Amino acid sequence: MNDTDVNTSICPRCDAENVRVLTTSPVPGGWTMYVCVTCVYSWRSTEPASATDPLTYPAEFKINPAEIPAIPAIPAVPPRRR
């Protein structure tokens with residue numbers, strides 16, 4: 001798989017159209033790493049379609065962007081020490 005085989009405009013996990021290039025391989029043409037600005041999911045262009053293609057990403061792992069603010073921080077952030 002190469003970068004032209006990957007749908008890089010839609011996040012596989014939340015279907016948001018808010019994807020940007022995070023970094024690229026130090027070897028030219030090796031891979032490109034993407035990140036969704038909405039849900040912070042990241043993936044490399046060389047990963048299988050089940051991790052990169054919104055149509056084949058497992059439905060049980062999809063998230064709704066509208067529900068992101070209600071997702072608890074795991075682990076919870078402890079109270080600040082004094």
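Compare the peptides 50-57, 68-75 by average per-residue count of other Cβ atoms within 10 angstrom and give them in order, highest first.
50-57, 68-75
Can you give the helix-only mean residue ellipticity at 222 nm for the chain, where every DSSP H stretch with n ≥ 4 adds -39500 (n - 2.57) and the sum goes over all residues, rounded to the nearest 500 deg cm²/dmol?
-500 deg cm²/dmol
Report which label in [x] 51, 26, 18; [y] 50, 30, 18; [z] 35, 20, 19 holds the value of Cα extents along the principal axes in Å derived from the coordinates of this structure.
Checking each listed value against the structure points to [y].
Can you order the peptides 11-17, 39-45 by their average number of other Cβ atoms within 10 Å per residue, highest first?
Answer by packing, highest mean first, reads 11-17, 39-45.
All of the numbers you see were taken from the coordinates with simple rules; none came from a lab. As the structure is a prediction and not an experimental result, all values here were calculated from the model. Ideal geometry is used to build each Cβ from the backbone, glycine not excepted, and the neighbour counts take in all protein chains shown.
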